[in-house]
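What follows is a single structure, written as structure tokens, with notes after it.
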Amino acid sequence: MRKIGVLTSGGDSPGMNAAVMAIARSASLYGMPLIGIKHGYNGLLRKSTNIHDDMQELYLDTVLDIADEPGTYLRTARCLEFMNPEYRELAVKTLAAMEIDGLVVLGGDGSFQGAQRLCELGVPCIGIPATIDNDLGYTEMTLGFDTAVNVCVDAVRSIRATSRSHDRPAVVEVMGRHCGDIALTTAVSTGSEIVVVPEVPWTVEGVADQLRKQLAKGNTRATIVLAEGCYDAMAPFDLYGYLTTHGKPCYEGEPMSAVRFASVMKRMCGMVEARATTIGYTQRGAEPTARDSAFAFEAGNLAVKLLRDGVANQVIGMKNGRVTYMPIDEALSTERHFNRPLFDLVNSL
Ligand code: ADP
């Protein structure tokens, strides 16, 4: 294998740039030219009139400055056409025309499925799990998760300071899509009293009971951490009916949200105030933590080494605290396990 490509796909994730730098340094060491593909799989479809908007050769001095930068230098995007086999054939042709012999794909579950399709078409691919969500069952960590959690921990600590000052509970919503790992790890790391996740069915009344128990114990400043996907696991609740009969205007059919949830808690638990904060994109745009940067460094090097040695169609992950790899098919069929005992512990104290 001589020339390789790298792309970042799906949602951006802290540490993507650090991994690209490690890939560039390793490729340079092994004498392999490296092409950066822009905007995820879109760059392979040659959509732009200027080739530099689709791909560019990455030299060491181009990437040396980006390692600690949040975001992704190569840009990322979703590429719906890639679901279509005709466009994937086009991508294979682009790779052949550019004499790119193998590809490193940084992204989550969806991006790996794209890589799997490319592998089936004979393009050797290596995946690096890069998503803040930590939703890939085969690996103990994904690149960006630790940074996202640290952003949440800083935010929740600040919010808890205000909760203490005012003796009032707080509702904090964190990201993670259909995965509750960011919420659970944030709750554990901050001593938050209640955590609600998509993996465990729940009721609004049940959480209000938990909060009332905290208040009865004398804890007037509890924090409820909500995972953004938790509303999917919520038992039906008549938000409009409840709020409008309790003096709070609300539009009919309005979905549950952190702000609305805080309003309901305030009324169900008879509190003077309960405030909501949604942490949002600051979780994705932060500088990578040491843990994420170190993972990016090792994963980037391993990806290039595997391609150099002709070991293809693998994804890199963390097992027993060590960076390792496994076949992409096996990784994508590995079930994810939510840490239910830890979840129960948080909610029981
Ligand atoms: P993530 O990689 O973070 O899970 P997405 O699910 O949005 O993000 O996937 C990113 C991109 O990967 C998609 O826009 C598409 O280009 C590609 N992709 C996702 N699923 C598939 C699939 N089943 N087949 C081919 N390509 C896919």
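Okay, here's what the table says:
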read-out	value
Proximal aspartates and glutamates relative to Lys248, as straight alpha-carbon distance under 17 Å, when same-chain residues fewer than 8 apart are discounted	Asp238, Glu273
Extended-chain gain in nm, criterion 0.36 nm per residue less alpha-carbon gap, Glu81 and Leu342	89.9 nm
For the chain: accessible area per residue (Å², 1.4 Å)	44
Simple spin-label estimate for Asp65 and Leu29 in nanometres, 7 Å along Cα-Cβ	2.5
Share of carbon and sulfur in the accessible heavy-atom surface of the chain [1.4 Å probe, %]	50
Label point distance in nm, Ala216-Glu140, each placed 7 Å from Cα along Cα→Cβ	4.0
Eligible aspartates and glutamates near Lys3 by straight Cα distance, threshold 14 Å, same-chain separation 8 or greater	Glu57, Glu99, Asp101, Asp309
Largest-first principal axis extents, alpha carbons of the chain, Å	67, 38, 34
Global form of the range 146-284, assessed from the alpha-carbon gyration tensor, a/c cut-off 1.5	oblate
Gain in span if fully extended, Asn320 to Ala294, counting 0.36 nm per residue against the direct Cα distance	7.8 nm
GNM result for the chain, Cα springs below 10 Å: residue of Pro85, Pro14, Pro288 fluctuating most strongly	Pro85
Pair Asp53, Ser333: separation of 7 Å Cα→Cβ label points (nm)	4.2
Overall Cα dimensions of the range 199-349, principal axis frame, Å, largest first	67, 36, 29
Ranking by accessible area, most exposed first, for Leu64, Leu29, Leu143 with a 1.4 Å probe	Leu29, Leu64, Leu143
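The values are calculated or read from the model by the stated rules, or taken from the named source; none is laboratory data. No experiment lies behind these values; they were computed from the predicted model shown. Heads up, the Cβs are rebuilt from the backbone with ideal geometry, glycines too, and the neighbour counts pull from every protein chain shown. Accessible surface is based on the protein model in full, side chains and every heavy atom, while ligands, DNA and RNA are left aside. Shrake-Rupley method; radii C 1.70, N 1.55, O 1.52, S 1.80 Å.
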